Amino acid sequence: MDVTKIIGVGLIALIIIIILRQYRPEFTIYVSLIAGVIIFFLVFNQLSGIINLLQGFANQASINSKFLGILLKITGIALLTEFAVSVCKDAGENAIASKIDLGGKVIIISISIPIISALLETVIKIIP
């Protein structure tokens, strides 16, 4: 199962970090980064399956593929931002983490403008 691989990578990284923290604490951030990247690649196959499923639903429902692309970009930005924020927090850099979090949110809002405007146009057409 994929979840056992993810948990295994996480636990192995945790053990290595605990041991390294005693002798070489400066290397713990590298172990955390490597573990995060490995887990991301383990999850990537699941993400591609979800994307294909959503594309199928969008085609059946006659949803504009542009909107689906925007939603997928937003999801990717949110995931990558959360990963970067977690790495910064692990390194003890909470100030940088909060700036990355804010930047990700602003980018998500700016990318979602076409969806928001289309929604508002639809509402305006419905309300006389």
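Couple of notes before you dig in:
- Selection from 61, 18, 37 lying farthest towards where the dipole of the chain points positive, charges on Cβ: 61
- The magnitude of the dipole of region 64-128, with charges of +1 and -1 set on the Cβ of Lys/Arg and Asp/Glu and taken from the Cα centre, is near 240 debye.
- J(HN,Hα) series, region 53-65, from Karplus relation 6.51 cos²θ - 1.76 cosθ + 1.60, nearest Hz, glycine and proline x: 5, 5, 5, x, 5, 5, 5, 5, 8, 6, 8, 4, 5
- Note that region 96-101 has calculated 3J(HN,Hα) couplings of 5, 4, 5, 5, 5, 4 Hz, one per residue in order, obtained from phi through the Karplus relation 6.51 cos²θ - 1.76 cosθ + 1.60 (θ = phi - 60°); glycine and proline are x.
- For the chain, the dipole from Cβ point charges (+1 on Lys and Arg, -1 on Asp and Glu) about the Cα centre works out to 100 debye, to the nearest 20.
- Mean separation of Cα contacts under 8 Å, 6 or more apart, over the residue count of region 1-62: relative contact order %: 35 percent
- Under the criterion of Cα pairs below 8 Å and six or more residues apart, the relative contact order for the chain equals 20 percent.
Computed from the coordinates by the stated procedures, all read-outs in this text should not be read as laboratory data. Fair warning: this is a prediction, and the values are worked out from it, not measured in the lab. When we count neighbours, we look across all protein chains shown, and the Cβ atoms used for this are built from the backbone with ideal geometry, even at glycine.
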